1. Could you grab me the full set of residues in the stretch 68-116 that are assigned to a loop (DSSP other than H, G, I, E, B) and at pLDDT 80 or above?
2. I want to confirm something. Restricting to the stretch 117-169 and keeping residues that are more than 17 Å from Ala59 (Cα to Cα) and in contact with a Pro (Cβ under 9 Å, 6 or more places away or on another chain), which single residue is modelled with the lowest pLDDT?
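The values are calculated or read from the model by the stated rules, or taken from the named source; none is laboratory data. Being a predicted model, the structure only gives us computed values, none of them experimental. In this analysis, Cβ positions are derived from the backbone assuming ideal geometry, glycine residues included, and neighbour counts consider all displayed protein chains.
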Amino acid sequence: IAGNNNGIGGSAGSRDYYILKLDGSGSLLWTRVLDQNGAGNNSLYSIKELPSNGGFICAGTTDASCGTANIALIKLNSDGTYAWKSNLGACNGSGDSWPARVEIASDGGFVVCGTCNSGSNGGGDLYLIKTTSSGSVSWGKRVGGSSNIDQGFALTKSNDGGYAVAGYTKSYPTA
């Protein structure tokens, strides 16, 4: 389970990442409160267990480095401690970006879908980002119209090696 602690429990910033691990019976194994650069509002929206080592990949937001919500990709060790963290959004102070889902790519990298308001075509664009296994951006794709909001909410790998994204649009864009 991943989210934020809403500033409770020794939080360094306003909100820090909060992760719970439960066993198959629902009993608590451990909890972690992790901050991102010591300040800001941080939330996790998606978490997947990594098949290779029992660690986790998480997609969330942080505003610790720039004052606007920026997409963060966080890899955790099996005990819930940081392996690495990478900021993926367009952190230029002009708008928020936030993720909805993360998937593990067939090459060991990661794919994140969400929404980006920074420099968008209008009220926000659907945003799809592919990274390497170490969190470096391989490519990004924005889909949106000129004046309305478009958001990505769900993501899955397709049988042909691509990705399918479900979301919301008021622009009716084409790929």
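1. Asn77, Ser78, Asp79, Gly80, Thr81, Ala105, Ser106, Asp107, Gly108, Gly109
2. Once the filter is applied, the top-ranked residue is Asn121.
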